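Engineer: Mind looking over this structure? Questions follow.
The values are calculated or read from the model by the stated rules, or taken from the named source; none is laboratory data. Since the model is a prediction, treat every value here as computed from it, not as a measurement. Cβ coordinates were reconstructed from backbone atoms using ideal geometry, including for glycine residues, and neighbour counts include every protein chain displayed.
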Amino acid sequence: MLRREWMYRHSVIVRLTHWTNVVALTILLMSGLQIFNAHPALYWGEDSDFRNPSFAITAERDENGQTRGVTKLFGRQLDTTGVLGVSRDSTGRTWPRAFPSWATLPSWQSLAGGRQWHFFFAWVFVLSTLVYLLHGVLRGHIWRDLLPTRLELRNLPHSVGEHIRFRFPEGEEARRYNVLQKLTYVAVIFVLFPLALVSGLTMSPRLDAGFPLLLDLFGGRQSARMVHFIAAFSILAFVLVHVAVVFVSGAWNNIRSMVTGRYVIRIPGGGDD
């Protein structure tokens, strides 16, 4: 028999900053794709080599005169018509566009509009994350709940295997994050978030003039742009996996805990309350 036990899992500050960051990251992604559409290519180094981009999403005409979407990655080409490179409007007309209108903010082509959304919500995200970190340090949440112990690190292969088999912690183990969760959160919060922020700041000519070390750090503005793109899509990959795990491991219980703070664990022994 299993008995249900309620626990208070997330504080008000954690919940508020979580949902603030959900909104901010969504807008940052969509406005970032809008900015990328203005020049849908990435390069490594200081200069833009338009003939040999490291990554590009373009539109080309085939031998039949049809416009095809083409994605290029380090010299290799992939036909991505219907997904990337070409968009189709309600009349059936197609035109070159790296990411489709439904994925960008604003939906129409506007570099200025995309930048305004992006810059504003970048600072919303930064401030929200700083509040979360300050709260976590003062409450001991960072050291107690996010940093794995040596014993937990030795248990990492087992934790990975359990997740692959969709077996998630139950009972007393569900009261705290497992080692895989801890390492993932640490990597996202202390590596990917700062990397995305600093590489984004490096793309500002005004900041580069005042802090030329930024360009040296990344080896050029174009390299910083590529790092920013990679960091952003790594964060997106984390979000997608995070959402999938939330649903697989108990959607209602997980979402409720991030709304009300209350989380249910099932412990062997006694009746089911």
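Engineer: Which condition number does ILE164 fail, the rest of (1) surrounded by 12 or more Cβ atoms within 10 Å (Cβ to Cβ); (2) under 29 Å from SER257 (Cα atoms) being met?
Structural biologist: (1)
Engineer: For residues that are within 23 Å of HIS135 (Cα to Cα) and either of a type outside the set (Val, Ile, Thr) or at pLDDT below 90 (or both), tally how many sit in region 145-198.
Structural biologist: 24
Engineer: Then there is this: Please pick out the residue among ASN155, ASN178 that is surrounded by 14 or more Cβ atoms within 10 Å (Cβ to Cβ), within 18 Å of HIS242 (Cβ to Cβ) and either in the same structural domain as ARG9 (by TED's automatic domain parsing) or hydroxyl-bearing (Ser, Thr, Tyr) (or both).
Structural biologist: Step by step, each of ASN155, ASN178 is checked, and only ASN178 is surrounded by 14 or more Cβ atoms within 10 Å (Cβ to Cβ), within 18 Å of HIS242 (Cβ to Cβ) and either in the same structural domain as ARG9 (by TED's automatic domain parsing) or hydroxyl-bearing (Ser, Thr, Tyr) (or both).
Engineer: Quick one: is SER199 buried (at least 16 other Cβ atoms within 10 Å of the Cβ), among the hydroxyl-bearing types (Ser, Thr, Tyr) and within 30 Å of PRO212 (Cα to Cα)?
Structural biologist: So SER199 fits the description; yes.
Engineer: Among LEU197, LEU127, which is assigned by TED's automatic domain parsing to the domain that holds ARG15 and touching a helix residue (DSSP H, G or I) at 6+ places or on another chain (Cβ under 7 Å)?
Structural biologist: Exactly one residue qualifies, and that residue is LEU197.
Engineer: Also, I was wondering about something else. Pairs only if they're at least six apart or on different chains, beta carbon under 8 angstrom, first in region 198-209 and closer than 11 Å to ALA224 by Cβ, second among the acidic types (Asp, Glu); list them, first residue then second.
Structural biologist: Correct list of pairs: THR202/ASP208.
Engineer: Select, from THR81, THR71, the only residue that is more than 28 Å from GLN116 (Cβ to Cβ), surrounded by 13 or more Cβ atoms within 10 Å (Cβ to Cβ) and not assigned by TED's automatic domain parsing to the domain that holds ARG144.
Structural biologist: So the residue among THR81, THR71 that is more than 28 Å from GLN116 (Cβ to Cβ), surrounded by 13 or more Cβ atoms within 10 Å (Cβ to Cβ) and not assigned by TED's automatic domain parsing to the domain that holds ARG144 is THR81.
Engineer: Pick out the one residue from ARG3, ARG15 that is under 30 Å from ARG144 (Cα atoms), in contact (Cβ under 8 Å) with a residue 24 or more places away in the chain, in contact with a Gly (Cβ under 8 Å, 6 or more places away or on another chain) and assigned to a helix (DSSP H, G or I).
Structural biologist: Being under 30 Å from ARG144 (Cα atoms), in contact (Cβ under 8 Å) with a residue 24 or more places away in the chain, in contact with a Gly (Cβ under 8 Å, 6 or more places away or on another chain) and assigned to a helix (DSSP H, G or I) holds for just one of ARG3, ARG15, which is ARG15.
Engineer: Looking for something over 21 Å from the mean Cα position of the chain (by Cα), part of a loop (DSSP other than H, G, I, E, B), assigned by TED's automatic domain parsing to the domain that holds ARG176 and among the hydrophobic types (A, V, I, L, M, F, W, C) - is there at least one such residue anywhere in region 247-269?
Structural biologist: no
Engineer: If only one of TRP108, TRP123, TRP102 is outside any helix (DSSP H, G or I), out of contact with any Leu (no Cβ under 9 Å at 6 or more places or on another chain) and free of Cβ contacts under 8 Å to residues at least 60 places away in the same chain, which one is it?
Structural biologist: TRP108
Engineer: Output the number of the condition that GLY65 fails; it satisfies all remaining conditions of (1) surrounded by 11 or more Cβ atoms within 10 Å (Cβ to Cβ); (2) modelled with pLDDT under 95; (3) out of contact with any helix residue (DSSP H, G or I) (no Cβ under 7 Å at 6 or more places or on another chain); (4) farther than 19 Å from PHE36 by Cα.
Structural biologist: Unmet condition: (1).
Engineer: Another question, then. What number of residues within region 3-20 are polar (S, T, N, Q) and surrounded by fewer than 19 Cβ atoms within 10 Å (Cβ to Cβ)?
Structural biologist: The qualifying residues number 2.
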